[in-house]
Amino acid sequence: MSVKDEWPEARCFGSATVGPRGQVVIPVSARKELGIDTGTTLLAFEFLHGRGLVLLKADTVEQMLSMMGERLASFEDLLKTYRSPKATKGKIGGY
């Protein structure tokens, strides 16, 4: 697998200007394609050491955290199995 396969090409939907009240308008093409409707909660994250801003849908962040939690739980189970007395019996230094 090449790096190109792992890093999908970034897309630019257009530009937005920050208004006097700090508001921006998300381009309509982005809203349509990404399913961002009135009432959609977006979380704002710092990006590139303060040089940028990333907006992610809150439900997407929830899904990502849930998946990460499940993966961590499976790693925890693996560690418990590895560190159990049965698993280390007969091995030098327990490894």
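Listing for the model above:
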quantity: Residue that is surrounded by 10 or more Cβ atoms within 10 Å (Cβ to Cβ) and part of a loop (DSSP other than H, G, I, E, B), where the choices are A10, A16; calculated: A16
quantity: From I92, I26, residue being of a type in the set (V, I, T) and at pLDDT below 90; calculated: I92
quantity: Residue pairs meeting the criteria (Cβ under 6 Å; at least 6 apart or on separate chains; first part of a helix (DSSP H, G or I), in the range 42-65; second hydrophobic (A, V, I, L, M, F, W, C) and surrounded by 11 or more Cβ atoms within 10 Å (Cβ to Cβ)); calculated: A58/L43; V61/L43
quantity: Members of the range 34-69 found to be more than 19 Å from the chain's Cα centre (by Cα) and surrounded by 10 or more Cβ atoms within 10 Å (Cβ to Cβ), listed by number; calculated: none
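The values are calculated or read from the model by the stated rules, or taken from the named source; none is laboratory data. Everything numeric here is computed off the predicted structure, so don't read it as measured data. Cβ sites come from the backbone with ideal geometry, for glycine too, and all protein chains shown count toward neighbours.
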